[in-house]
Structure formats: C-alpha cells, structure tokens
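Have a look at the structure below before the remarks.
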Amino acid sequence: MRLVNPWALTALLLLPFLFYWGRAAKRRATLRFSSLALLPRNCGRRSHWRHLPLFLRLAAMALIIIAIARPQAGMEKIQEVNKGIAIEMVVDRSGSMIQNMNFDGRQLSRLAVVKKVFGEFVNGNGKLPGRPNDLIGLITFARYADTICPLTLAHGPLNSFLDKIKLVPPKSPENRTSIGDAIALAAARLKTAEETMARQTAGRAHKYKIKSKIIILLTDGGNNAGRLLPAEAAALAAKWGIKIYTIGVGGDDMVKVQTIFGTQMMRTGNGVDRKTLARLAKKTGGIFRMAEDAKALRSVYAEINKLEKSEVTSIRFLDYKEYFLNFALAALILLMLEAVLRCTILRKIP
C-alpha cells in the first residue's frame, strides 16, 4: 500500500479542532428558559447518541482526506530473462585416467579429480561461482561415446550421474579413446538444445535464451578409435556455431626408470595429444589448456567462466490498483447516515 499524495494527510490534524468546535456549538442554548429545574433529568436513551452525527461527519471528513491522498495497493512483479550457456561436458573414462593426480594434497585418480572439479564448476566452490543459469549435459567416452546426463537446467541430478561414471578396465576391449565420436555426439546434442530447453521450460521458453553453445573436452590421451576423426567432428561443431574448449588432463605419462645412464624419465603411453586438442579449440574459437593437477584444472574452469558469462536481467514492474474510490464511497455513506439521523430520531428543535 502506498499514497500518491501523502501530504494530504496533514489535513487530519484539523479534525480535533473541528470536534472541539462542534461540541462547543452544541453547548450554546437554542431556546431560553428561566429555569431547567422542572425538566426531567432523564431525557431518554436518544440523549446518549446525541453526538453520533458529529462523529459521523468527522469520520466522513477523515475518509475524504484519505481518498485525496490516493491510496494504492500493488503487486511487485519481477521477471527474469536469462541468457545462459548450453554446455556439454565430455569426459574421458579410458583406463589411462586411473593415473594419480594431486587434489588438494591428496592423490586421486585423474577421473576422480575431473569429477570433483566438474562438480565445483557446476555448483560453485571457492573461486568458481557455479553455473546456475546454464543448460549442462554430460557425455563420457572410451571406445564408445555415451550420454550420461542430457542437457538440463536442473543441476541436482548431475552429482548422482557423476558418481556412476567408472573407469574402463585396462585390459577391456573398450579401453580405447574415441575423441571424434564424443565431440560429434556432444555437438549433436547442442544442435537441438533449443528443443530440449523448450520441453523443460514449457510455456516459459521465451524467457530463456541460449547465448552460446560450448563443449568442454577433458582427456589425457589421443584419438585411437571411433568412426569420426577429431577434425571431422570439429568441422561439424564449427558449422553449428559450437565452440570446443579442450583440456589436457595430467600431462604426459612419464615415470622414472633406472638405466645404465642413470635415472631417466620414460613415457608409459602416448600421453595428451596436444597438437590435436589445440587444433580442435582453434578451429571452433575455443581455447586449449593443460591441467596437471586440481589447482590447474580449477584455473582453466575459471578462465572459461570469464569467457562464457551467463546474463540474468531482472525486469521489475508494479501493477497498482486505486483505492480512493472505496474511501470516497464510505464517506458518502456516512454523510447520508448523518443526514438521516439528524432528520429522524436525532432531530433537534428548532
């Protein structure tokens, strides 16, 4: 409730003076008598209501003053127009991701670190503010690419989906790395992101706009399986306006080996295919970064946060309803009641 003309309420200060003046006027005699001794002291019940017309008039005046002040009641409505990012997280779960990686002083597998920091990226933690306004999906890959969680604005279930991601056993025939197929699957999901968002928001679809679409690829190896080459999948992503951010996890697979020439660092696998990851990012307008530990991985996510910012615009408007007419009508009713009383049961002589 608010008043358009609050200054009008100052007129209420006059009412006590009008009340005093009205009482004083009633004390002045209308007819003169030599003595009131012979008149009955009990004048009936109506005498107790003799001041009622005055109260009704003053109340009507108070209501008129409030009506002049124009009381309004309104509902404040806030409509949020979100411009979010559609993000497909593409996570390598091949056997090499079992290698240890530093996570805040602890040694965990690369996959475990990727899962934990991914949760921080989505939900927020420390330097990572979270992505509450973004569509986020999750795809994992080894020999085959699988959709673990479809694009969604409801991020609560993502944690349970993360827990279900398991490493492929080293001797399993699935222990391969199909980067090209994984990127192609993620790009296909992002291509239809508007349809996914429309289903989730129903009638509110027009309030949410997809500002950009990105793929965040995390892998510790190079492409050695699948039907599509990484370059072919990147061409599809570029055609559909999708950026690819590539992150090499853990660096090269190097171990210390004692030889006749002393301690040497030997490569145990092919390691991160830096050239391919860099080409994928460059072709689509993304960036390529290496992350040797959890701290470095958080820094990469922080960099992506700066490059891909969601927008939340609040449109505020007030819908007011006028109530001055209610007070004016109430004042009119009181004045009519006063007139009726003065002309009937509370009439006075002359």
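Derivation of every value follows stated rules applied to the coordinates shown; laboratory data play no part. Small disclaimer: the values here were computed from a predicted structure and weren't measured. Reconstructed Cβ throughout: ideal geometry from the backbone, glycine too, with neighbour counts over all protein chains shown.
Quick notes on this one:
- Within region 121-144, the set of residues being buried (at least 16 other Cβ atoms within 10 Å of the Cβ) and over 22 Å from Met197 (Cβ atoms) comprises Leu128, Thr140, Phe141, Ala142, Arg143.
- Yes/no for Leu185 being farther than 22 Å from Arg298 by Cα and touching a helix residue (DSSP H, G or I) at 6+ places or on another chain (Cβ under 9 Å): yes
- Checking each residue in region 150-172 for being under 17 Å from Asp92 (Cβ atoms) and either among the polar types (S, T, N, Q) or part of a loop (DSSP other than H, G, I, E, B) (or both) picks out Lys164, Ile165, Lys166, Leu167, Val168, Pro169, Pro170, Ser172.
- Selection count where residues are farther than 21 Å from Asp293 by Cα and either of a type in the set (Lys, Arg) or in contact with a Phe, Trp or Tyr (Cβ under 9 Å, 6 or more places away or on another chain) (or both), scope region 137-171: 8
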